[in-house]
Each structure stands twice: as structure tokens, then as C-alpha cells.
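Below is one structure; the comments refer to it alone.
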Amino acid sequence: MERLFRLGYVAKGLVYAIVGWLAASAALGPGGRTTGTRGALRSLLKQPFGQILLGLVVIGLSGYVLWRLVQAIMDTENKGTNAKGIILRLSYAGNGLIYGGLAITAVDLIIDEVEREVDIDDSYGSRDWTALLLAQPFGQWLVGMVGAIVIGVSFYELYQAYTANFRRKFKLNEMSDTEKTWATRIGRFGLAARGIVYSIIGFFLIQAARQSNSNQVRGLKGALDSLARQSYGRWLLGIVALGLIAYGVYYIVQARYRRINVT
């Protein structure tokens, strides 16, 4: 089970590394393109032995989903049963469900052998559930709350990047000084980049709430596209893209050195 969980970290890291690589290509020249996590899966499918590679990613993502649910149910991080602990454990379960949806998308891509030229934009699913929430009583408040939560997550990622508290999760006694140094640098850079992207996604959610318009919602691809449209957009996109690659590498490092308590 521990090996399956660690494979899950590799799979998540690979997806983000592909997103970052494609975004970096878009920043460097006209031949590149930005994409979200679903687009990264399609890009992987187009490689030699793509279905086999994507199948391995499905297995890995399934392991990641299972690990997140174990964290939530068995409280492997010792968060407790107070209000803060329950919220954190629910966030683990929610994160697992999100990547469960990504795993299902990967399975759909494997089953569908007909290649489509239209890239999968992860904004579409976000717009669907945003429209559903907006249709409910107090829908704008609900969407605005989700946006505030996403921005809160982005601040937490930036805080983790600043303090490097994520090092506590590593088996530092098994790492050399060089490995500790680079794992810290890569983790900080990656978490900062993801925090920036999440803050943009949260901003668009709040805009959707204010205007009661689900078309304002942007996913990972949309957030990267918005960076590219700013002044010095190629530079901004390039830096964040490298950060997302670092975030992917950070998760692969976790696959090797993270403490995983399955008892």
C-alpha cells in the first residue's frame, strides 16, 4: 500500500511537470501552448506507448486518491477531531476526490481512441459546477465563498514556500545535505508558483460570484493564459511555468522521502 501511495505522488508530480513544460514552451515561442491538468493527460496520451503511460498514471492517481482518503479517515497526520482538525481532514478527502475525477478523465481518454484536436480545458468542469451553485439560493455567496477558500489555499501555499515547513514531512535523516538543500529550494519555488496560480483562479471565482456569470471562471489553463496577457506576460508565464515544473519535481521528491504512516 505504501508503494502505491508513493506512486500517487509520482503521478501527480508528472501531471504538473507536463503542465509546466507546456506552459514554458508557450512562453518561449509561438509553437507552445498552455493547458490544464486534463490537457496534460491528453499530451501524455499522444506520446509513444501513450495509453500504457496514461494507464500507469491512472494507477498512480488512484493510489494518491486512496492515500488522501486514508489521511482523512484514519487521521494519519494526527490532526484530531476538533474543528480545525476536521476541516483539514475534510480538505484531504476533497483533494482526493478532485484527483479521482482526474483519474476518471484519464480512463475516458484511454477508452476514447479517437484523437480530437480540441484541447481539454479544465475550465469547463469548473464552469458547470459554478453555474449549478449560482442557480441555488444564495448562489453568489456560495461561489464567492469557494473563491475565498481557493485564495486562502493560495496564501497557505505561499506561507509554506516562505517558511519551508513542508520539510517536516520529509525523512530528513535519509537525505544528504545537498538533497535537503535542493528539495527545499525546489519545494519553495514550486509551492510559490502554485500559490500564484491558485490566487488567480480564486480571483476569477469571486468575479463570477459578483457578476453571477459562470463564464468568468478559469481553471489552471485559464490562469496561465491570463498571466500571458499581462505586461511582460512571457516572462511571468515562463517563471510560473518553471515553478510548476518545480512543483512536479517536489512531488516526485515526496514520493521518495515523504513520511507515510499507514498504520
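Tabulated data
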| read-out | value |
| --- | --- |
| Positions within the stretch 145-193 being under 30 Å from residue 134 (Cβ atoms) and hydroxyl-bearing (Ser, Thr, Tyr), in sequence order | 154, 156 |
| Options 33, 38, 3, 42: the member that is at pLDDT below 90 and under 13 Å from the mean Cα position of the chain (by Cα) | 38 |
| Unmet requirement for residue 149, which otherwise passes all of (1) surrounded by fewer than 19 Cβ atoms within 10 Å (Cβ to Cβ); (2) modelled with pLDDT of 90 or more | (2) |
| Criterion (among the aliphatic types (A, V, I, L, M) and crowded, with 20+ Cβ neighbours inside 10 Å) met by exactly one of 22, 69, 28 | 22 |
| Test: residue in the stretch 83-92 that is part of a helix (DSSP H, G or I) and among the hydroxyl-bearing types (Ser, Thr, Tyr) | yes |
| Those helices (runs of 4 or more DSSP H) lying entirely in the stretch 160-263 with at least 2 residues modelled with pLDDT under 90 and polar (S, T, N, Q) | 177-211 |
| Unmet requirement for residue 38, which otherwise passes all of (1) closer than 24 Å to residue 110 by Cβ; (2) touching a Ser or Thr at 6+ places or on another chain (Cβ under 7 Å); (3) of a type outside the set (Ser, Thr, Tyr); (4) surrounded by fewer than 22 Cβ atoms within 10 Å (Cβ to Cβ) | (4) |
| Odd one out for residue 74 among (1) more than 16 Å from the chain's Cα centre (by Cα); (2) at pLDDT 85 or above; (3) buried (at least 16 other Cβ atoms within 10 Å of the Cβ) | (3) |
| Only one of 216, 160 that is surrounded by fewer than 23 Cβ atoms within 10 Å (Cβ to Cβ) and either free of Cβ contacts under 8 Å to residues at least 24 places away in the same chain or more than 21 Å from residue 9 (Cβ to Cβ) (or both) | 216 |
| Residue among 38, 68, 42 that alone is farther than 16 Å from residue 100 by Cα, touching a helix residue (DSSP H, G or I) at 6+ places or on another chain (Cβ under 7 Å) and in a helix (DSSP H, G or I) | 42 |
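The values are calculated or read from the model by the stated rules, or taken from the named source; none is laboratory data. Note that the coordinates shown come from a computational prediction; the quantities given were computed from them, not determined experimentally. Here Cβ is always computed from backbone atoms with ideal geometry, including for glycine, and neighbour counts include all displayed protein chains.
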